Amino acid sequence: VAALLIHNDYAQSLAEILQKEELHHKNLLKALQFICTPVKFAVARNFYKNSWITAEELASFLPTYKTHEDQILDAKRLLNDDTKSVTSSQPISPSMEIEDEIEASSHSTTSTSTTQNN
């Protein structure tokens, strides 16, 4: 962090020069790169809140991982999409599910009985 102490008569012209060269903006982005991770997110949000950085620049400093709640919602969406594709191609009735379970259990019983005989 740096501060400039200047006379009031030159404050406006210095501010114009800094804006022209975008020094303030570049220094903010550079400073964010050196701030430790947990604090960086809060500082970046504050910079965005003060309109010092853009939304795209804010997004580049925020974490890319999803929260547990987001992962659950994504899983639910995927499951809903999968069940929609299954139900649209072949309707599943409760009796079909029971028949599938009976077939699966009979195959597993047959395979265990043949291994016991050998």
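Only the coordinates and a few stated rules stand behind these numbers; no lab work does. This is a predicted model, so every value here is computed, not measured. Counting neighbours? That spans all protein chains shown, and the Cβs are built from the backbone with ideal geometry, glycine included.
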Hey, fewest Cβ within 10 Å first, where do TYR65, TYR10 land in order? TYR65, TYR10
DSSP-assigned coil residues among GluC sites (Glu not before Pro) in segment 16-55, each with at most 14 further Cβ atoms within 10 Å: GLU22
Take ILE17, ILE53, ILE35 and order them by how many other Cβ atoms sit within 10 Å, fewest up front. ILE17, ILE35, ILE53
Listing PHE34, PHE61 from the residue with the fewest other Cβ atoms within 10 Å to the one with the most, what is the order? PHE34, PHE61
